[in-house]
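The values are calculated or read from the model by the stated rules, or taken from the named source; none is laboratory data. Keep in mind the model is a prediction, meaning the values are calculated, not measured. Ideal geometry is used to build each Cβ from the backbone, glycine not excepted, and the neighbour counts take in all protein chains shown. Remember, those area values only see protein heavy atoms, side chains included, never the ligands or the DNA or RNA. Shrake-Rupley method; radii C 1.70, N 1.55, O 1.52, S 1.80 Å.
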Amino acid sequence: MAQYRRVSGSVGLITLQNPPVNALSASVRQGIVDSVKRALGDQKVKSVVICGQNGVFCGGADIREFGRQMSGPPLVPMIHDIEAANKPVVAAIEGSALGGGLELALGCHYRISHSKAVVYHCFIMTMSDQAKLGLPEVTLGLLPAAGGTQRLPRLIGVPAALNLITTGRHVTAAEALQLGILDHVTEHNTVDVAVKFALSVTGESLDGRRISSFSCAPLSDLDSLFEEAMLKVRSAARGAIAPVACVQAVRAAATLPYAQGMEREKELMATLFHSGQARALQYFFFAQRAVGRWSTPSGARWDTSQPRPVRKAAVIGLGTMGRGITVALAQAGLSVVAVETHAKQLMEATKAVPSMLKRGAVRGGTTIEPDSITYSQNLQAVADVDLVIEAVFEDMALKEKVFQQLSIICKPDTLLCTNTSSLDVDHLASQTRHPELVVGMHFFAPAHVMKLLEVVYGRRSSPAAVATAMQLGKKMGKVSVAVGNCRGFAGNRMLKRYLEQAFFLLEEGATPELVDRALEEFGFPMGVFRMSDLSGLDVGWRVRKADGLADTSLTGTSARVRQGCRYSPLGDLLCEHGRFGQKTGRGWYQYDKPGGRVAKSDPWLHNFLDEYRARHGLVPRCIDQQEVLERCLFVLINEGFQILEEGIAAGPEDIDAIYVFGYGWPRHRGGPMFYADMVGLERVVERLERYHQAHPDVPYLQPSGLLRRLVANGSPPIHKWRNVIKNRNSQL
Ligand SMILES: CCCCCCCCCCCCC/C=C/C(=O)SCCNC(=O)CCNC(=O)[C@H](O)C(C)(C)COP(=O)(O)OP(=O)(O)OC[C@H]1O[C@@H](n2cnc3c(N)ncnc32)[C@H](O)[C@@H]1OP(=O)(O)O
């Protein structure tokens, strides 16, 4: 709803009231319409101010309404009527003005906002306490269809509007002022300032204040500007339809009169509004927030667990991961002790880390005191830290030793975390005197850039330990997902199945190019083979060797079988040829030099595959893109259901967040579990069963128990899966 009152004698003050973000629900829209009518009809009222309660202007249209039957006054005429008013209307923007919220403000005749520079004296200098403005509809699979695509380019010019509308990025009040979105910023109470301003413009002509009457500033080469914009959005999110529609809508603003532009905006919105991509992105918006409300099977949650304060942290091992983690901790304002026992590696890290910090500071507009990090070759240097993150080589014996030493050196209440990507967290905990203070913090490379953090709780991890790691993740700006302890945790455990299928497809006749093309057309930034070349084939090889799997001396049928299941030694064979991917200039593709980035098809690899198939009596067959997608993705999804069934992840949203933020799953497809829901669980079961019939030696192609049960329960929508899981667990 909206509250209306007259203030300072002649100003009608309309306050949006819909906590927490004053989203424009049907009742808020009705409240605005009624209040505006009242203000315009009241002779004592000479001007109007619109603001939001509790320091938030408006978070936009109510996203929860989109999936339902829409009711209440529509936004477009509501904003039109505000703009057409014959009394000045001022938007007083505190907190956020996003989406429909900014569109509402663009319909007002003036916009005033809040901006304040804050200097954190110790480590970070930043501009904070500022309002955020933006049109993030594209991130929800939509476009700003309440006139945003038509007014913003008229106000700030086509190039700047294209940037904001196609990326959905939020700008601070300071930037919004510079761009021309705002008329004024203040460090004082925004509503008070807006009311005073409204009094000052009473009676002034509004002719030059209605943005819909503006023309876009002329540009010399409109065609190439839009062509470039189209290329950019297509490569940024392959297959996403909303950014493309955003470009088309802004083009309409640049080339058509306002009324026709609005028609085009509406038409384009109609194509997006009920699309699967919009559903996926809106699901994902809420999924991210659900992940933040983590819980563990033992009942640990934010509200039941007290995170400990972490002021000083240590990182052990300064390889690629350790350096990234050091940077992430320092960027979060912590004091960091960085330990590396190898002198050469330590020396390199002391140069690399500051330059990574510098680059990050330039990107983020912050400065970091270099002395927030101290380097040491001696493990004793961690004696007084609150939390340690171990990031040494992925070798259990080495990690065991580090944990034993840490347990002696550190304070008794220091939290000990491991960055292992798959090893047993419980086993490491058992090496310490306080296993309840051990958790996994699984970062993704590069650790200071990638958003995902898997926080792995072991059997004995205390709720406070999990809460502390989750809180620290948040402080580092990560999307932290709490998962249980198992081989590979959630992400890598699912990935293993996906990779295996990709190898099997090569054995059966596919090429890396075919498999990658299918996955890239699906929306992954890189197919599985291109991605393996980038991350290094030797990483998985080392793990397989440690597991006793990578034995290429086996011949005959046993060469392709391990532990009674089908196994492909293709990756092992490639590594034996010294083909580790980009770093050696050869992998599944060839590169112009070691470290080269551009993957080229490699005739050697194709010959190698032919010879391999001939050696093993495998007759290549034609494999189409659909089979690639079904084999690779459905098996990954099936493992996801298994993970849910075992309680390793609390809900499908956790798995989806892991895949979107850590593994490049296209966000506009919602994540693997949402994708399964979209495709239809029955179909997923049917295809898995069919592939399992064809490949009985691949047991994990059999649909998981949970997947079957969901189908037996009538395939409930994804937001009801937790109930099915809960019911099942409560029967145990
Ligand atoms: C035939 C077809 C015809 C087509 C017809 C079309 C008709 C419709 C046309 C309408 C035209 C629409 C044009 C406008 C569209 C929009 O405005 S879409 C929404 C755009 N806005 C956003 O994307 C902002 C989303 N919110 C945020 O980014 C953040 O929430 C915030 C505002 C920056 C605040 O952040 P923070 O303080 O960190 O809080 P959160 O935890 O994120 O949020 C708190 C809770 O509020 C919920 N929430 C936030 N925003 C919305 C929203 N817009 N709608 C509904 N709910 C929202 C959020 O989910 C949190 O709740 P919980 O999930 O319960 O925790």
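Any residue at all in the range 312-320 that's crowded, with 22+ Cβ neighbours inside 10 Å and of a type in the set (Val, Ile, Thr)? Spell out the reasoning first.
Of all residues in the range 312-320, those crowded, with 22+ Cβ neighbours inside 10 Å come to 313-318.
After this cut, where a residue has to be of a type in the set (Val, Ile, Thr) as well, the list is 315-316.
So far as the range 312-320 goes, yes, one or more of its residues are crowded, with 22+ Cβ neighbours inside 10 Å and of a type in the set (Val, Ile, Thr).
For Ala198, indicate whether it is away from the ligand (no atom under 13 Å from the Cβ) and among the small types (Gly, Ala, Ser). Steps first, answer last, please.
Working: away from the ligand (no atom under 13 Å from the Cβ): yes; among the small types (Gly, Ala, Ser): yes.
Yes.
Those residues that are crowded, with 21+ Cβ neighbours inside 10 Å and over 22 Å from Ala23 (Cα atoms), I need them from the range 73-89; list them, please.
Within the range 73-89, Lys87, Pro88 qualify.
Show the residue pairs that are 6+ apart or on different chains and have beta-carbon atoms under 8 Å apart, the first residue being within the range 204-228 and without any contact (Cβ under 8 Å) to a residue 12 or more places away in the chain, the second being exposed (fewer than 13 other Cβ atoms within 10 Å of the Cβ).
Every condition considered, the pairs that remain are Asp207/Ser213.
Among the residues of the range 569-588 satisfying the criterion of being closer than 19 Å to Gln501 by Cα and part of a helix (DSSP H, G or I), which is most open to solvent (accessible area, probe 1.4 Å)?
Leu573
Just to be sure before I move on: is Val339 under 30 Å from Ala383 (Cβ atoms), surrounded by 15 or more Cβ atoms within 10 Å (Cβ to Cβ) and either at pLDDT 95 or above or within 16 Å of the ligand (Cβ to nearest atom) (or both) in the structure I sent?
Yes; evaluated as a whole, the condition is true for this residue.
Can you list residue pairs whose Cβ atoms sit under 9 Å apart, with the first residue in the range 279-294 being open to solvent by 20 Å² or more (accessible area, probe 1.4 Å) and the second being aromatic (Phe, Trp, Tyr) and within 10 Å of the ligand (Cβ to nearest atom)? Count only pairs 6 or more apart in sequence or on different chains.
Between residues of the range 279-294 that are open to solvent by 20 Å² or more (accessible area, probe 1.4 Å) and residues that are aromatic (Phe, Trp, Tyr) and within 10 Å of the ligand (Cβ to nearest atom), the close pairs are Arg279/Phe66; Gln282/Phe66.
Can we say Arg234 is in a helix (DSSP H, G or I) and open to solvent by 30 Å² or more (accessible area, probe 1.4 Å)? Walk me through how you get there before you give the answer.
Numbers: in a helix (DSSP H, G or I): yes; open to solvent by 30 Å² or more (accessible area, probe 1.4 Å): yes.
So Arg234 fits the description; yes.
Just checking, how many residues over the range 57-72 are buried (at least 17 other Cβ atoms within 10 Å of the Cβ) and more than 8 Å from the ligand (Cβ to nearest atom)?
Looking only at that region, the number is 3.
Conditions tested, residue by residue: (1) of a type in the set (Lys, Arg); (2) surrounded by 20 or more Cβ atoms within 10 Å (Cβ to Cβ); (3) out of contact with any Leu (no Cβ under 8 Å at 6 or more places or on another chain).
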{"site": "Gly141", "(1), (2), (3)": "no, yes, no"}
{"site": "Thr149", "(1), (2), (3)": "no, yes, no"}
{"site": "Ala161", "(1), (2), (3)": "no, yes, no"}
{"site": "Ala176", "(1), (2), (3)": "no, yes, no"}
{"site": "Ile181", "(1), (2), (3)": "no, yes, no"}
{"site": "His184", "(1), (2), (3)": "no, no, no"}
{"site": "Thr190", "(1), (2), (3)": "no, yes, yes"}
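Here's the yes/no breakdown for (1) outside the structural domain of Ala85 (by the TED database); (2) more than 16 Å from the ligand (Cβ to nearest atom); (3) in contact with a strand residue (DSSP E or B) (Cβ under 9 Å, 6 or more places away or on another chain):
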residue: Thr172; (1), (2), (3): no, no, yes
residue: Leu177; (1), (2), (3): no, yes, yes
residue: Glu204; (1), (2), (3): no, yes, no
residue: Leu219; (1), (2), (3): no, yes, no
residue: Ile241; (1), (2), (3): no, no, no
residue: Ala245; (1), (2), (3): no, no, no
residue: Gln260; (1), (2), (3): no, yes, no
residue: Arg264; (1), (2), (3): no, no, no
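Out of the residues in the range 300-311 that are open to solvent by 40 Å² or more (accessible area, probe 1.4 Å) and touching a strand residue (DSSP E or B) at 6+ places or on another chain (Cβ under 8 Å), which is farthest from Leu416 (Cα to Cα)? Quick ask: steps written out before the conclusion?
Going residue by residue through the range 300-311, those that are open to solvent by 40 Å² or more (accessible area, probe 1.4 Å) are 301-304, 306, 308-309, 311.
Narrowing the set further to residues that are touching a strand residue (DSSP E or B) at 6+ places or on another chain (Cβ under 8 Å) leaves 301, 308, 311.
Working: Arg301: 20, Arg308: 13, Arg311: 14 Å.
For the range 300-311, the residue satisfying everything is Arg301.
Can you pull out the residues in the range 137-170 that are within 13 Å of the ligand (Cβ to nearest atom), of a type in the set (Gly, Ala, Ser) and under 25 Å from Asp221 (Cβ atoms)?
Correct list: Gly148 only.
If you go through the range 373-387 one residue at a time, do you hit one that is surrounded by 20 or more Cβ atoms within 10 Å (Cβ to Cβ), of a type in the set (Asp, Glu) and outside the structural domain of Thr172 (by the TED database)?
yes
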